[in-house]
1. Sort Ser32, Ser89 so the one with the fewest other Cβ atoms within 10 Å of its own Cβ comes first.
2. Students often get this wrong, so check it: of Lys86/Lys153; Lys86/Lys183; Lys35/Lys153; Lys33/Lys153, which have C-alpha atoms separated by over 18 Å?
3. Could you list which residues have their amide H under 5 Å from that of Ile170, counting only those 5 or more apart in sequence or on another chain, with H placed in the peptide plane?
4. Ordered by residue, what ³J(HN,Hα) values in Hz, to whole numbers, does region 35-43 give under the Karplus form 6.51 cos²θ - 1.76 cosθ + 1.60, where θ = phi - 60° and Gly and Pro are x?
5. By how many nm would the segment from Asn217 to Lys86 lengthen if fully extended, with 0.36 nm per residue of separation less the alpha-carbon distance?
6. Which whole-Hz couplings ³J(HN,Hα) result when phi for each residue of region 166-178 is put into the Karplus expression 6.51 cos²θ - 1.76 cosθ + 1.60, θ = phi - 60°, listed in order with x for Gly and Pro?
7. What are the ³J(HN,Hα) values, in whole Hz, obtained from phi via the Karplus relation 6.51 cos²θ - 1.76 cosθ + 1.60 with θ = phi - 60°, for each residue of region 207-213 in sequence order, with x given for Gly and Pro?
8. Under the 0.36 nm per residue contour assumption, what length would be gained going from the current alpha-carbon distance of Ile150 and Ala43 to full extension?
Amino acid sequence: MVKSKRLKWSAFVLLLIVLLPLLYFLSVPDLSKLKKGNPPKTALMEYREKESKEKGKRVRMNQTWVPLSDISPYLVKAVLIAEDDKFWSHEGFDYEAIQKALEKDMKAGRFKFGGSTISQQLARNLYLSPAKNPLRKMREAIITWRMEKILSKRRILELYLNLVEWGEGIFGVEAASRHYYGKPSSDLTPQEAARLATVLPNPRKYNPAGDQRYVVNRSNLIYNIMIQRGIVIPEYEEVTETNRILK
């Protein structure tokens, strides 16, 4: 069994070495357009539309662009804590997280993959399918590497927050904030931000405004980390909320 797993991984590494040069030329889109231009639709949106049609459903894609400066800093911090705590320091890949994910895959005897950074998720959402296989993962890695070279970290984060899936037909933080909380993303509270960040791994299963145990427990964990890091000052938030209610 162990020998079989090692052979699988050896074959995967060999395939990577052989295909990488070819994939580089075939996989990299013109990322320079993303420096200032906002894509009207992503590969994930198209995939969801096709998926809905096959099920006989018609889901409208709900997405509104907002600049990073108009998004609540609480939401930005909560998403980084939940999805990619090393975002500002890595160059597209969290190798420690990848190693842990690979070790889990080897033990399970399957290619599940994990440890994706925000940059990797953005590359996947923009250009690739949700399928999990070695070939798609290699294309994702190549696009991520180029993206980190061409775009600034702020632009990558801005694109991600405007394009990531937050529910059925809901893409981007502005659409999510208005759908779940009836307010613009600039007005999100720390607790709301923590809940929205919590559901990102599976936004079609979990409702940030609901009472599912996973949402409650993980959002509390993210919120407490925000307090520990001085992002949230509970006493200040209580005064702010009181003033808001009185108005």
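What follows draws every value from the coordinates through simple rules; no lab data is involved. Note that this is a predicted model, so its numbers are computed, not measured. So basically every Cβ, Gly included, is an ideal-geometry build from the backbone, and we count neighbours across all protein chains shown.
1. Working: Ser32 11, Ser89 8.
By the 10 Å Cβ count, ascending: Ser89, Ser32.
2. Working: Lys86/Lys153 12 Å; Lys86/Lys183 29 Å; Lys35/Lys153 11 Å; Lys33/Lys153 16 Å.
Table pairs above 18 Å Cα-Cα are Lys86/Lys183.
3. Counting only residues 5 or more places away or on other chains, the set is Asn62.
4. Rounded to whole hertz, the list is 4, 10, x, 9, x, x, 7, 9, 4.
5. On the way: separation 131, 0.36 × 131 = 47.16 nm, distance 2.25 nm.
Answer, rounded to one decimal: 44.9 nm.
6. 10, x, 5, x, 10, 10, x, 5, 5, 5, 5, 4, 6
7. These are the phi-based 3J(HN,Hα) values: 10, x, 8, x, 10, 4, 4 Hz.
8. On the way: separation 107, 0.36 × 107 = 38.52 nm, distance 2.01 nm.
Taking 0.36 nm per residue and subtracting the Cα distance, the gain is 36.5 nm.
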